[in-house]
Amino acid sequence: MSDALHPAIAAVTERIIKRSRESRQRYLDLIAREADRGIGRGSLSCSNLAHGFAAAEEDKNRIAAASSANLAIVTAYNDMLSAHQPYGAYPAQMKLYAREVGATAQVAGGVPAMCDGVTQGQDGMELSLFSRDAIALSTAVAMSHAMFDGMALLGICDKIVPGLMIAALRFGHLPAIFVPSGPMPSGLANREKQKVRQLYAEGKASRDELLASESASYHSPGTCTFFGTANSNQMMMELMGVHMPGAAFVSPGTPLRQALTRAAVHRLAAIGKQGDDFRPLGHCIDEKAIVNACVGLLATGGSTNHAIHLPAMARAAGIVIDWADLDELSAVVPLIARVYPNGPGDVNQFHAAGGMGYVIAQLLDAGLIHADILTVADGGMATYAHEPFLDGDTLKWRPAPSQSGDDAMLRPAAEPFMADGGMRLVTGNLGRATFKTSAVDPDRWTIEAPARVFDRQEDVQAAFDAGELDRDVIVVVRFQGPRANGMPELHKLTPPLGVLQDRGHRVALVTDGRMSGASGKVPAAIHCTPEALANYGTSGPLALLRDGDMVRLCAQTGLLETTADLSARKPAPAPPAETGVGRELFAMFRAHADGAEQGGSAMLATAGL
């Protein structure tokens, strides 16, 4: 492990600390005040307390005595979402594990867990981003009962982990551990799945063939195996030190997974205020931990959705980051992992090749992450450069492999796949946007072509089907931002745009919406801010674009611009807000959401965070 932190990492960290000084101090004052108030079972009336343990059966006396830790289980269980199906068995197991160390555990509450795989390209996708705020609010409700001394947070997928983290940080005077469930076994290779999707887009595969392909890929309990937002979440929890070391990618239903869950419960009971190793979450998640998460995202080619989620999570802890920070970090953080859609293999192959332990060891040795953060495991980040294993029935850790088990998936920091982290800020007279270069051929990092402008993603598919896009084109899909329609993912556009690219056309996407963390080879400027929909009377520049305007997108120079004179144009009218599938219930989230670079959150914006 290097003792010398890379100067660029140090500079960005120091800038974030300086920028966040006042808001971070307010946050630390909050959690200190909450700790001093002693909000817990001891502050409850007898009637309050009796309600809290009425159904606790054999744990009643211990909870009533308030002499040992009572752990909150906040679960995102449902059995439609494959990643969260394993959580159905966790509470009963975790209660047993808590009793082994003289503690207790109760399910404090459940939170919604939306599957973007189910809602992709559907109306329900417009609820997706704001489900993160709903999850945070649900977690806050769960924790508001003042019954608990620590938080065991059960969540995996896209908005669930950020939502859990945002709320848990507002209870940051308590310790917390995130407890994953692991990826499903590998099924049909992701590249084969993508090939069938493109054939279907071209009309060369039937719906039955497409469904058979998808079912062979997504086939059992566990997280989807591509390196999208869900698996990027797990990577970042390791880099911030709020997992048990090496817990991210151990498969569900295995003895090792069960042992890691048991260890998480034991550890959570040990790091509470009652013990001598108090590790409140609000002190674990500081500016250095956030930078570690950013570096991990860049080094592994993680999901672009975290350009939105990381600022939101950071704000909950009084920390302010922006896309310039990510861009500056990306310039010095090498890409050392290639996991589909950025490479050939899935997360199971990544894990077998060395996984998170190897990645963290490489980043520590290169001085690219902070070693001295407060982690839930003893020993700081160095502990996370280890991998778990079972010696008989005993859970142990050993140093992660020093050599990659597959250099097509993992490489040392000194010999990376790319010299930078592959997530770049592009700016110009069309706004600020994120461009993920790690999955795009460098020959396509610069695209200059006439714009074809759409207000709805469905119209893109119709134009493709009609042959109207069979040329060099920059497809602009606007009115897809947080305030317009909740900022849905537009991953459904990847197959038709991929077909156009494979035909030899120079193609790119520019949008104020999101793309899935699974999106790959088509160059895209996403999360464009300010969004097209007018905010306080001012529309974003995408609202001024017209068909045929020349647009230039260049990741190498960080440019997003048009040669058209926009100054005298009137903005295009926004489509009317849609109703149905519950979208009207989220109108308040849309009305008060802030920009994508701040996290796209009405909840945080109206709270003044």
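Would you confirm whether or not the stretch 555-565 contains a residue that is assigned to a strand (DSSP E or B) and within 21 Å of the chain's Cα centre (by Cα)? No: zero hits.
Taken across the stretch 439-448, residues that are in contact (Cβ under 8 Å) with a residue 12 or more places away in the chain, surrounded by 19 or more Cβ atoms within 10 Å (Cβ to Cβ), under 23 Å from the mean Cα position of the chain (by Cα) and assigned to a strand (DSSP E or B) do not occur at all.
When only residues in the stretch 123-135 that are more than 14 Å from the chain's Cα centre (by Cα) and touching a residue at least 40 places away in the same chain (Cβ under 8 Å) count, which is most open to solvent (accessible area, probe 1.4 Å)? Among those residues, the one meeting the criterion is D123. On inspection, V107 fails the criterion of being in contact (Cβ under 8 Å) with a residue 12 or more places away in the chain and closer than 23 Å to R583 by Cα.
Of the residues making up the stretch 566-609, those that are surrounded by 11 or more Cβ atoms within 10 Å (Cβ to Cβ), part of a loop (DSSP other than H, G, I, E, B) and among the hydrophobic types (A, V, I, L, M, F, W, C) are L566, A572, A574, A577, V581, A593, A607, L609.
The conditions of being part of a loop (DSSP other than H, G, I, E, B), among the hydrophobic types (A, V, I, L, M, F, W, C), touching a Ser or Thr at 6+ places or on another chain (Cβ under 9 Å) and at pLDDT below 90 are not met by A532.
S215 meets each of the listed conditions (1) open to solvent by less than 40 Å² (accessible area, probe 1.4 Å); (2) among the polar types (S, T, N, Q); (3) out of contact with any helix residue (DSSP H, G or I) (no Cβ under 7 Å at 6 or more places or on another chain) apart from (1). P530 falls short on exactly one of the conditions (1) open to solvent by 20 Å² or more (accessible area, probe 1.4 Å); (2) touching an Asp or Glu at 6+ places or on another chain (Cβ under 6 Å); (3) closer than 18 Å to T434 by Cα, and that condition is (2). Pairing residues of the stretch 283-295 that are open to solvent by less than 10 Å² (accessible area, probe 1.4 Å) with residues that are part of a helix (DSSP H, G or I) and polar (S, T, N, Q), at Cβ distances under 6 Å and at least 6 apart in sequence or on separate chains, gives V291/T13. If you filter the stretch 20-43 down to residues that are more than 19 Å from C284 (Cα to Cα) and either basic (K, R) or touching a helix residue (DSSP H, G or I) at 6+ places or on another chain (Cβ under 7 Å) (or both), you find that the one that is least open to solvent (accessible area, probe 1.4 Å) is R41.
Does the stretch 49-67 contain any residue that is among the aromatic types (F, W, Y) and surrounded by 20 or more Cβ atoms within 10 Å (Cβ to Cβ)? Looking through the stretch 49-67, none of the residues is among the aromatic types (F, W, Y) and surrounded by 20 or more Cβ atoms within 10 Å (Cβ to Cβ). Just to be sure, is L174 in contact (Cβ under 8 Å) with a residue 40 or more places away in the chain and within 16 Å of the chain's Cα centre (by Cα)? No; evaluated as a whole, the condition is false for this residue. Would a scan of the stretch 184-199 turn up a residue that is farther than 20 Å from N305 by Cβ and buried (at least 24 other Cβ atoms within 10 Å of the Cβ)? So far as the stretch 184-199 goes, yes, one or more of its residues are farther than 20 Å from N305 by Cβ and buried (at least 24 other Cβ atoms within 10 Å of the Cβ).
Of all the listed residues (A105, A83, A69, A152), the sole one being under 24 Å from the mean Cα position of the chain (by Cα) and closer than 19 Å to L281 by Cα is A152.
When each of A269, A247 is tested for being surrounded by 19 or more Cβ atoms within 10 Å (Cβ to Cβ) and part of a loop (DSSP other than H, G, I, E, B), the lone residue that passes is A247. Reported count of residues in the stretch 178-216, each being in contact with a strand residue (DSSP E or B) (Cβ under 6 Å, 6 or more places away or on another chain) and outside any loop (DSSP other than H, G, I, E, B), is 2. For the structure I just gave you, tell me whether G467 is assigned to a loop (DSSP other than H, G, I, E, B) and surrounded by 17 or more Cβ atoms within 10 Å (Cβ to Cβ). So G467 does not fit the description; no.
Across the stretch 535-554, the number of residues qualifying as surrounded by 14 or more Cβ atoms within 10 Å (Cβ to Cβ) and assigned to a strand (DSSP E or B) comes to 5.
Residue-by-condition table, conditions (1) surrounded by 20 or more Cβ atoms within 10 Å (Cβ to Cβ); (2) over 28 Å from T557 (Cβ atoms):
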| position | (1), (2) |
| --- | --- |
| L329 | yes, no |
| G343 | yes, no |
| V359 | yes, yes |
| W397 | no, yes |
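The values are calculated or read from the model by the stated rules, or taken from the named source; none is laboratory data. The structure presented is a predicted model; accordingly, all values stated were derived computationally and were not measured. Ideal geometry is used to build each Cβ from the backbone, glycine not excepted, and the neighbour counts take in all protein chains shown. Surface accessibility is based on the protein's heavy atoms, side chains included, excluding ligands, DNA and RNA. Shrake-Rupley method; radii C 1.70, N 1.55, O 1.52, S 1.80 Å.
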